[in-house]
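Everything below concerns the one structure shown next.
The values are calculated or read from the model by the stated rules, or taken from the named source; none is laboratory data. A quick note: this is a predicted structure, and the numbers were derived from the prediction, not measured. Positions of Cβ are generated from backbone atoms using ideal geometry, with glycine treated the same way; all protein chains shown enter the neighbour counts. Areas reflect the complete protein model, heavy atoms only, side chains present, ligands, DNA and RNA absent. Shrake-Rupley method; radii C 1.70, N 1.55, O 1.52, S 1.80 Å.
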Amino acid sequence: MLLVDGRGVPLSLIVTGANRHAVTQLGTTLDAVVVPRPPVTPRAPQHLCADAGFVGVPALNEMFVRDYTPHVRPRGEERTERAHGKRARRWVVEVAHSWFNRFRKLLVRYEKTHRAYVALHMLAAAIICFRTVRAKVNIIYG
């Protein structure tokens, strides 16, 4: 499971089996964020956008316990908005998934150990972060 910021930069990454539902891993994914959060105030709430898989009381409780303002889009809402002339809103996490899919080693899991597979995902996340953060001087190319 992947948690990203507004630009698609990975903040948290949890690797589980394919038979585990994402809702059951929401709490561990939110706890695994590596960047310290700014303080949550009434003037500066922190928003958490999720898809229709996170509809329900357990997922909302996980978000409220960690002081997030949840924005969960129910199924079919995007279709009705497009019928009224609004354009579809792309989820930022889909951009991050696309960036991870560019690392062809990760598309099919050939690693036998969990640690090696997680390490490759962490390396890919570090490369994505490095490419996304803008610097005045590129330390590799000068």
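Key figures
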item	result
Segment 1-38, residues that are farther than 27 Å from residue 131 by Cα and out of contact with any Asp or Glu (no Cβ under 8 Å at 6 or more places or on another chain)	17, 18, 19, 20, 21, 22, 23, 24, 25
Hits in segment 66-112 (condition: β-branched (Val, Ile, Thr), without any contact (Cβ under 8 Å) to a residue 24 or more places away in the chain and closer than 30 Å to residue 41 by Cα)	72
Hey, residue 41 of a type in the set (S, T, N, Q), part of a loop (DSSP other than H, G, I, E, B) and surrounded by fewer than 11 Cβ atoms within 10 Å (Cβ to Cβ) or not	yes
Residues located in segment 19-38, provided they are open to solvent by less than 30 Å² (accessible area, probe 1.4 Å) and either of a type in the set (A, V, I, L, M) or in contact with a Leu (Cβ under 7 Å, 6 or more places away or on another chain) (or both)	26, 29, 30
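A quick yes/no check of all residues on (1) more than 15 Å from residue 23 (Cβ to Cβ); (2) among the acidic types (Asp, Glu); (3) surrounded by 14 or more Cβ atoms within 10 Å (Cβ to Cβ):
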{"site": "48", "(1), (2), (3)": "no, no, yes"}
{"site": "61", "(1), (2), (3)": "no, no, no"}
{"site": "65", "(1), (2), (3)": "no, no, no"}
{"site": "70", "(1), (2), (3)": "no, no, yes"}
{"site": "76", "(1), (2), (3)": "yes, no, no"}
